[in-house]
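Report on one structure; see the data block that follows.
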Ligand SMILES: Nc1nc2c(c(=O)[nH]1)N[C@H]1C(S)=C(S)[C@@H](COP(=O)(O)O)O[C@H]1N2
Ligand SMILES: [Mo]
């Protein structure tokens with residue numbers, strides 16, 4: 001009787017440990033996923049899935065910066081954004097630019113996606129200073145302060161767009177693709 005109890009007790013502890021481990025595993029996974037989906041980092045991916053670059057706010061701040069003073073088309077208020085030209089970030093993943101942007105590369109485009117899954121597109125030519133001065137930046141500050149949680153930490157500002165539909169807030173990824 002005593003032995004039986006011990007055996008049961010052992011089996012019970014084994015089962016408890018197994019269940020606890022199982023629970024931890026399944027608990028750990030969503031946490032990992034949540035970490036990946038956090039908008040505190042920006043992933044830039046070049047043509048054909050690579051090379052890619054993961055930028056945190058601190059890395060972004062160290063890159064050559066550009067300041068834009070714009071009138072927000074919705075708020076009709078003057079806003080000062082500071083950040084890094086999108087073209088400079090694309091250059092770091094080897095995207096064709098300048099004289100290399102011709103032929104088949106003219107069918108390449110950039111998909112920018114936000115934490116809320118909102119997505120927008122620019123063609124590579126639209127972001128290339130050999131074609132036009134797009135002045136599109138990935139901003140990290142507004143009026144001198146870091147962008148708040150529903151805007152930042154990264155936001156694209158496309159100052160020449162008449163509607164701010166491509167001023168994508170909570171930007172999480174920028175991916176370069178080729179049209180089929
Ligand atoms: N992440 C994200 N960014 C977005 C949108 C969105 O739905 N999600 N809407 C866009 C559109 S259509 C407009 S008009 C502006 C509105 O900017 P606001 O929400 O800061 O006023 O954000 C743009 N950026
Ligand atoms: Mo909009």
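The values are calculated or read from the model by the stated rules, or taken from the named source; none is laboratory data. Just so it is clear, the structure is predicted and the values come from calculations on it, not from any experiment. Here the Cβ is made from the backbone with ideal geometry for all residues, glycine too, and neighbour counts use every protein chain on show.
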Checking the structure you have, find out if any residue of the stretch 143-152 is assigned by TED's automatic domain parsing to the domain that holds residue 57, touching a residue at least 40 places away in the same chain (Cβ under 8 Å) and within 26 Å of residue 97 (Cβ to Cβ). no
By residue number, the members of the stretch 108-127 that are closer than 14 Å to residue 48 by Cα and surrounded by 15 or more Cβ atoms within 10 Å (Cβ to Cβ) are 108, 109, 110
Anything in the stretch 162-174 that is under 22 Å from residue 132 (Cβ atoms), surrounded by 15 or more Cβ atoms within 10 Å (Cβ to Cβ) and more than 8 Å from ligand 1 (Cβ to nearest atom)? List them, or say none. 174
Mind listing whichever residues of the stretch 152-180 are at pLDDT below 95 and either closer than 19 Å to residue 59 by Cβ or under 15 Å from the mean Cα position of the chain (by Cα) (or both)? 152
Right, residue 105: modelled with pLDDT under 95, farther than 14 Å from residue 42 by Cα, surrounded by fewer than 19 Cβ atoms within 10 Å (Cβ to Cβ) and more than 16 Å from ligand 1 (Cβ to nearest atom) or not? no
